[in-house]
Structures are given as structure tokens and as C-alpha cells.
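Q: Sharing a structure, written as C-alpha cells. Questions coming.
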């Protein structure tokens, strides 16, 4: 049976409230807030009915003390009072009260209101408990994932080392298709493992990502040389076209670097030798537009809507056989979402694709 503290300096009110509740709850009638705190040292109530106008310590002062006490602060409190002005109610709610019941009160109404709040408190505590359980499960999942990833990297690393030794011993193995299959499978497994860990990290940090004022052109320039080297391996020309003046956005540079580099490497992956990739930045309608335009193989119209899905079936092998995990563009979209941005795609099969990132402009004096 749930326990209710009824706190009021008037005996009549204590008797009426106790009579209304005692058939359904275990009740304690207390004539002062001081007596309430004294009893709370021995018994923790499930709900407190608290009068406001009391000598020595009034209800508002008692409420303030309750909310500072680690043991008592989560106990639901209903003010049972003759005050019916808006200021008193606002003060009460700001202090953390759940409800106000005005005197004189109806016994059936009092009982029903208390039953409702007891049930609500039960549901809230159940939600908190379930949330704690989910947090523990999530933490356990992260720990298991970390252990699995560590072991998997070791196992796959051993496979790759064995492949390297075979390659050295036999001076290559272009004619051995089975060794080539093993090599490709190991590379895909490592890429998939990295993407799964990245998603797990992104989802864990989604509420704590810190954004700072940063020049998007500077960030892109930092990637220029590395991207040009990757493109050069496929004889692809990369063109960077952006204004000299800085374009400020609120960014997490590390995360946004990853999204931008992923999109450019994706463009390289699906562009044939001697193709061109252009990166262009502009400002339109208080949005920074980042265009990544390739002359690659393009994307089928029915695939575009599925490009950013998790584990999408729209993933394809690159023009030089590069592996795809089906997670890269999902990660890109999540990162851009963390920056309050959007991404869209335009593509014509056989002619190329254009990915457009749009981010809110930030003033450099903000």
C-alpha cells in the first residue's frame, strides 16, 4: 500500500483528507512541515499533500528544502491550499509541484487526483528504470562491439599479412583468382568494420557534438592535396573552385572533414579514368552551398531515394573494383544533420552526379 503524508496546520483539514484517502492508502496526518521532515527520516512517502499557509515553515519553503534533499526530491508533491491566485500557482509549479487542489475540497475528487498522480509517478519511474536498463544495454553493446572489432581487426590483419607473404613468395598472384577473392573480401571486411564503428560513435555522440565557427573554404583546402593524390591514381582531375573570401559555418571540423572527404572519395570511386571532379562553394539565401560534381557513371533514378539509407542496397562496386559497404552515404547524411544541414543529389546515368550540401551561414562575429 502506498504511503501519503498529509501536511496541514488545521486539524479539520487533516481529518477530512485522511478520511478521504485512508481506505486506499497508508496515511500520516502531520500538523507542520517540521514534523513531516522528522518522519521522513524514518519513512519515505510515495506522495505528499502539502499546505502552503503554515506557521514557522510554509509550504513553499518546505518544497524548496524537499527538492534539495537527494532522498526526498523525487517525491511527488500536491499543494492542498486555500490560495487560488495565479502567482501562488506559478510559484508552486516553478518549485516542482505536480498539482494544486483548492480548499474546501471534495473527498472523491481528492482521492481521484491522488490516485492519478500515484499512477503517473509509477509510470514515470518505470520509464526511468527502463531508460537505465537501455543505457546499460547500450553500454554493454558498445563494450562488446569494441572487443569484437579489436579481435576482428587482428584476424583480418592476419589474413592480409598471409596474403602479402604469398604475394612476395610467388612474385604476385594476378592469375590466382582465389587469392584475389580472399584479398578483396578482407579489404571489404575492414571497410565494413570501420563504418559500423563510425556509426556507433556518431549515434553515441549525436547529443554532444560541439560546433565552432569555421571557414568552410579553409576546411576544403586542407583536403585538397590528399584528394588530388587519390584522384591521380585513377587519372582523374580534381578542380577546386571557391571564392577567396571566407565562408563561415558552425562546424565540427573533424566530423565534417569526414563527410566531405567521403563524398569526394565516393565521386572518385564512381568516375572513370580521365574524368573530372569539381568542388565548388557558393552562398545563396543565407546558405553555404558545397557542390561536388563528377563526370562519372551516374546513378539510376530509382536508386537515388535509397542512397542515404542504412545498409542500403544501392551500394555498388566502383569503376576500378573499389568495395562498397552500403554505409558511407548514411554516415555522411548523419554528419550533415548534426550540422543542421541538408544534402541532395542530382544525377544522369552515363554523364555524372552532383551532391549538394547546404549549411546555414554563420557571421564571423558571432
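Q: Give, in nm to one decimal, the length gained when the segment between residue 345 and residue 284 is fully stretched (0.36 nm per residue of separation minus the Cα-Cα distance). Don't jump to the answer; show the numbers that get you there.
A: Working: separation 61, 0.36 × 61 = 21.96 nm, distance 1.74 nm.
Computed gain between residue 345 and residue 284 is 20.2 nm.
Q: In addition: Just grab the label-to-label distance for residue 106 and residue 160, each label 7 Å out from Cα along the Cβ direction, in nm (one decimal).
A: 7.4
Q: Using 7 Å Cα-to-Cβ label points, what is the residue 169/residue 71 separation (nm, one decimal)?
A: Result: 7.2 nm between the two label points.
Q: Say R0 is 41 Å: what FRET efficiency, to the nearest 0.05, do residue 93 and residue 310 get from their beta-carbon distance? Before the final figure, lay out each step's value.
A: Working: r = 42 Å, r/R0 = 1.02.
E(calc), rounded to 0.05, equals 0.45.
Q: Please compute the modelled spin-label separation between residue 237 and residue 43, points set 7 Å along Cα→Cβ, answer in nm with one decimal.
A: For the pair residue 43/residue 237, the computed spacing is 8.7 nm.
Q: Given R₀ = 22 Å, FRET efficiency for residue 61-residue 12 by Cβ-Cβ distance, to 0.05? Let's see the in-between values first.
A: Working: r = 23 Å, r/R0 = 1.05.
Efficiency for this residue pair is about 0.45.
Q: Using mean Cβ contacts within 10 Å as the protection proxy, how do 265-272, 50-57 order, highest first? Can you show the working numbers first?
A: Numbers: 265-272: 21.6, 50-57: 17.8.
Final packing ranking: 265-272, 50-57.
Q: Would you mind calculating the relative contact order of the stretch 212-360 from Cα pairs under 8 angstrom and at least 6 residues apart, reporting the percent as a whole number? Spell out each step's value before the answer.
A: On the way: 291 pairs, mean separation 36.2, N = 149.
So the answer I get is 24 percent.
Q: OK, next. Extension gain residue 181-residue 302, at 0.36 nm per residue separation less the Cα-Cα distance, in nm? Write out the running numbers ahead of the final one.
A: Values: separation 121, 0.36 × 121 = 43.56 nm, distance 2.99 nm.
Computed gain between residue 181 and residue 302 is 40.6 nm.
Read-outs: derived from the displayed coordinates by stated rules, not from any lab. The shown structure was predicted, so the numbers you read here are calculated from the model rather than taken from an experiment. Every residue, glycine as well, gets a Cβ built from its backbone with ideal geometry; the counts of neighbours run over all protein chains shown.
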